[in-house]
Amino acid sequence: MNDIYILGIESSCDETAAAVVKNGREVLSNVIASQVDLHTIYGGVVPEIASRKHIENINPVVREALKKAGKTFDDISAIAVTYGPGLVGALLVGVAQAKALAFALKKPCIGIHHIEGHVAANYIENKELEPPFLCLIVSGGHTQIVMVKDYTEYDIIGKTRDDAAGEAFDKVARSIGLGYPGGPKIDKKAKEGNPTAITFPKAKVEGSIYDFSFSGIKSAVLNYQNKKKMLGEEVNTADLAASFQKAVVDVLVEHTILAAKNLGVKKVCMAGGVAANTSLRENMQTACENEGIKLYYPSNILCTDNAAMIAGLGYYEYMAGKRSKTDLNAVPNLKMGE
């Protein structure tokens, strides 16, 4: 069988990315133009600015991805692009680019679900990994436990009822003066603190043992800070970061392991930006080892937004016969399985 080369394009938030992946698992290039510095001064992503920057970056990033891969457009079998979920203006840039290239080159265009792409990042560095397995998806906008039944088939087992874990990290980081992006900064600061110094609540969702809720802990952190301020006492930022992180990580691990045990699953993966959190990795690894479960997760560069994961999933969608029509559009609130 001839090798399949997929050009992946990702622009769902503030990273303009393009990648070339061979046969779904071999990354030939993975180019990312980050906008973190641009948005840091605002304390978060400004959609209008992100969209404008994507327009500037998209052509150079695609050219660089092809150059680094040593390929031309003639070598590409199909173009895979994130069409949701994400910021609508940002998504539109990538979708327009992919559709234009597909039309001009007479190549298939394949719309990819961003979160499903995060799951597929696990295949790239774990060549032996095959479905079925359980995946904990933790990012700025999503927190879900998903049963990956096949390469393009998913069942959502649990999800957050309010804030995503990554969103809670960002908001808490901002409240204690660490700034943006919150996840990595909380992770770093927590290493200096005592995770048992402060006890924060770990919310349970009544009637749904696998679902999450993180709005309560976010409020508890703010209440703790306000109380300290009223008493004229200083807040130990490192202890606060460590204790908050522990409360979030404990819940993520507990629910994932419970789901794996109840479903009889012996393979667990993690995906999304928060999957790069060192405490989450360490605690999940220990919990999996205790239960005889094999744990997989991507390297940091493949946890955060990138196009290699989009191209990787694009291969499996391509092999399954998926082709997007010319009316493919950005869907900012796209649900898994749609």
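The values are calculated or read from the model by the stated rules, or taken from the named source; none is laboratory data. On a predicted model such as this, the values are computed, not experimentally measured, just so you know. Every residue, glycine among them, receives a Cβ derived from its backbone with ideal geometry; neighbour counts consider all protein chains shown.
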Is it true that some residue in the range 312-332 is among the charged types (D, E, K, R), in contact with a strand residue (DSSP E or B) (Cβ under 7 Å, 6 or more places away or on another chain) and either part of a helix (DSSP H, G or I) or farther than 29 Å from E10 by Cα (or both)?
-> yes
First in the range 126-151 and at negative phi, second anywhere and in a loop (DSSP other than H, G, I, E, B) and crowded, with 24+ Cβ neighbours inside 10 Å, Cβ under 7 Å, 6 or more apart = I137/G272; V138/G272; S139/G272; H142/G272
Mind checking which residues of the range 153-206 are without any contact (Cβ under 8 Å) to a residue 12 or more places away in the chain and touching a strand residue (DSSP E or B) at 6+ places or on another chain (Cβ under 6 Å)?
-> D155
Any chance A241 is surrounded by 22 or more Cβ atoms within 10 Å (Cβ to Cβ) and modelled with pLDDT of 95 or more | yes
Give just the number: which of (1) under 16 Å from D162 (Cα atoms); (2) in contact with a Gly (Cβ under 6 Å, 6 or more places away or on another chain) does G273 not satisfy?
-> (1)
Taking the options I145, I186, name whichever one is surrounded by 18 or more Cβ atoms within 10 Å (Cβ to Cβ) and either among the polar types (S, T, N, Q) or not in a helix (DSSP H, G or I) (or both).
-> I145
Residues of the range 222-237 classified as without any contact (Cβ under 8 Å) to a residue 40 or more places away in the chain and either outside any loop (DSSP other than H, G, I, E, B) or in contact with a helix residue (DSSP H, G or I) (Cβ under 9 Å, 6 or more places away or on another chain) (or both), total = 10
Has the range 282-305 got at least one residue that is surrounded by 23 or more Cβ atoms within 10 Å (Cβ to Cβ) and over 30 Å from D3 (Cα atoms)?
-> yes
Name the residue, out of G193, G183, that is among the small types (G, A, S) and under 30 Å from I9 (Cα atoms).
-> G183
